[in-house]
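A.B. asks: Can you keep this structure in mind? I'll have questions shortly.
The values are calculated or read from the model by the stated rules, or taken from the named source; none is laboratory data. All of these numbers come straight from a predicted model, not from anything done at the bench. Counting neighbours? That spans all protein chains shown, and the Cβs are built from the backbone with ideal geometry, glycine included. To get the accessible areas, we keep the full protein, side chains included, count just its heavy atoms, and leave off ligands, DNA and RNA. Shrake-Rupley method; radii C 1.70, N 1.55, O 1.52, S 1.80 Å.
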Amino acid sequence: MSDTAAPAPDAAQQGVSFRLGSQYVKDLSFENPRGPQAFAQMGGTQPPVQVGVGVNINQLAERAYEVVLEINAEAKVKEDRLFVAELSYAGLVETQGPIAPDQLAPLLMIEIPRMLFPFARAILSDAT
């Protein structure tokens with residue numbers, strides 16, 4: 001049996017502490033340029049939909065950030081646009097305690113967007 005205590009883990013080993021606060025739609029755009037004519041062209045098939053996803057980070061204060069998930073979706077029938085949807089969905093994040101720069105980027109660019117995505121997907125699904 002040993003009388004020595006195990007070393008206390010440093011902040012990097014403990015993980016990152018943060019709080020995801022408010023979430024909100026910054027911008028939502030939906031266009032259906034061809035209206036009912038486009039649906040007649042589809043012939044009962046699902047059109048191919050191309051989706052693009054991006055992330056923007058805005059630092060609001062020393063430990064406060066706005067993470068904006070940008071999602072663009074476009075469906076075409078042949079060369080005609082069926083619809084175009086664009087959503088900017090944001091969340092406010094506050095980090096707590098010490099955080100290394102190599103931990104901050106994955107938190108803001110990966111983890112927070114992963115948490116925001118289900119809500120953004122539901123909004124786009126309802127819009128389309």
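A.B. asks: Those residues that are closer than 13 Å to GLY21 by Cα and either open to solvent by less than 70 Å² (accessible area, probe 1.4 Å) or within 12 Å of the chain's Cα centre (by Cα) (or both), I need them from region 90-112; list them, please.
C.D. replies: ALA90, GLY91, LEU92, VAL93, THR95, ILE112
A.B. asks: Scan region 84-109 residue by residue and report those that are part of a strand (DSSP E or B) and of a type in the set (Val, Ile, Thr).
C.D. replies: Across region 84-109, the qualifying residues are VAL84, VAL93, THR95.
A.B. asks: Taking region 119-128, which residues are under 16 Å from GLN23 (Cβ atoms) and either open to solvent by 60 Å² or more (accessible area, probe 1.4 Å) or touching a residue at least 40 places away in the same chain (Cβ under 8 Å) (or both)?
C.D. replies: The answer is PHE119, ALA120, ARG121, ILE123, LEU124, ASP126.
A.B. asks: Sticking with this one: Which condition number in (1) touching a strand residue (DSSP E or B) at 6+ places or on another chain (Cβ under 9 Å); (2) over 20 Å from PRO113 (Cβ atoms) is the one that PRO36 fails?
C.D. replies: Going through (1) touching a strand residue (DSSP E or B) at 6+ places or on another chain (Cβ under 9 Å); (2) over 20 Å from PRO113 (Cβ atoms) one by one, PRO36 breaks only (1).
A.B. asks: Among the numbered conditions (1) among the aliphatic types (A, V, I, L, M); (2) over 30 Å from VAL16 (Cα atoms); (3) open to solvent by less than 80 Å² (accessible area, probe 1.4 Å), tell me where VAL67 comes up short.
C.D. replies: VAL67 satisfies all of (1) among the aliphatic types (A, V, I, L, M); (2) over 30 Å from VAL16 (Cα atoms); (3) open to solvent by less than 80 Å² (accessible area, probe 1.4 Å) except (2).
A.B. asks: Before we move on, is ARG81 in a helix (DSSP H, G or I) and closer than 19 Å to GLN46 by Cβ?
C.D. replies: no
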